[in-house]
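Working notes for the structure below.
The values are calculated or read from the model by the stated rules, or taken from the named source; none is laboratory data. Treat the numbers as computed from the prediction; the structure is a model and nothing was measured. Here the Cβ is made from the backbone with ideal geometry for all residues, glycine too, and neighbour counts use every protein chain on show. Side chains are part of the model used for accessible areas, which takes the heavy atoms of the whole protein and leaves out ligands, DNA and RNA. Shrake-Rupley method; radii C 1.70, N 1.55, O 1.52, S 1.80 Å.
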Amino acid sequence: MAFNRRPRRVKKCKLCSMKVEYIDYKNTDLLKDFISEKGKIIPKRLNGNCSKHQRMVKVAIKRARQMALLPFVSE
């Protein structure tokens, strides 16, 4: 059986294209792009980040949450 699937579009890392070396936890405007409405971190397969930048985003979001710059959950 042949399935008529579309080929997946390869997502490019937005941070690689911007040539970002380090993601600061104080840059909440950038970090909000990687958080859902409920406050969860969006996975790499959905936002198209590379592994290196996804780890940096994860650490920066967790640090910003500890410093009360970002919420843990949104009601």
remark   = The condition of being of a type outside the set (D, E) and surrounded by fewer than 16 Cβ atoms within 10 Å (Cβ to Cβ) holds, among M67, M56, only for M67
note = Restricting attention to region 26-53, the residues that are surrounded by fewer than 11 Cβ atoms within 10 Å (Cβ to Cβ) and either in contact with a His (Cβ under 6 Å, 6 or more places away or on another chain) or hydrophobic (A, V, I, L, M, F, W, C) (or both) number exactly 1
task = Please tell me if R5 is over 14 Å from the mean Cα position of the chain (by Cα) and basic (K, R).
result = yes
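Look through region 1-25, keep the residues that are in contact (Cβ under 8 Å) with a residue 12 or more places away in the chain and open to solvent by 100 Å² or more (accessible area, probe 1.4 Å), and return whichever of them is farthest from V73 (Cα to Cα). Spell out how you get there, then give the answer.
Initially, region 1-25 is screened for residues in contact (Cβ under 8 Å) with a residue 12 or more places away in the chain, giving 11-16, 20, 22-25.
Checking which are open to solvent by 100 Å² or more (accessible area, probe 1.4 Å) leaves us with 12, 22.
Numbers: K12: 28, Y22: 25 Å.
Filtering first and then ranking leaves K12.
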remark   = Checked pairs for region 26-55, first closer than 19 Å to R9 by Cβ, second small (G, A, S) and part of a helix (DSSP H, G or I), C-beta under 8 Å and 6 or more apart or across chains, list as K44/S51
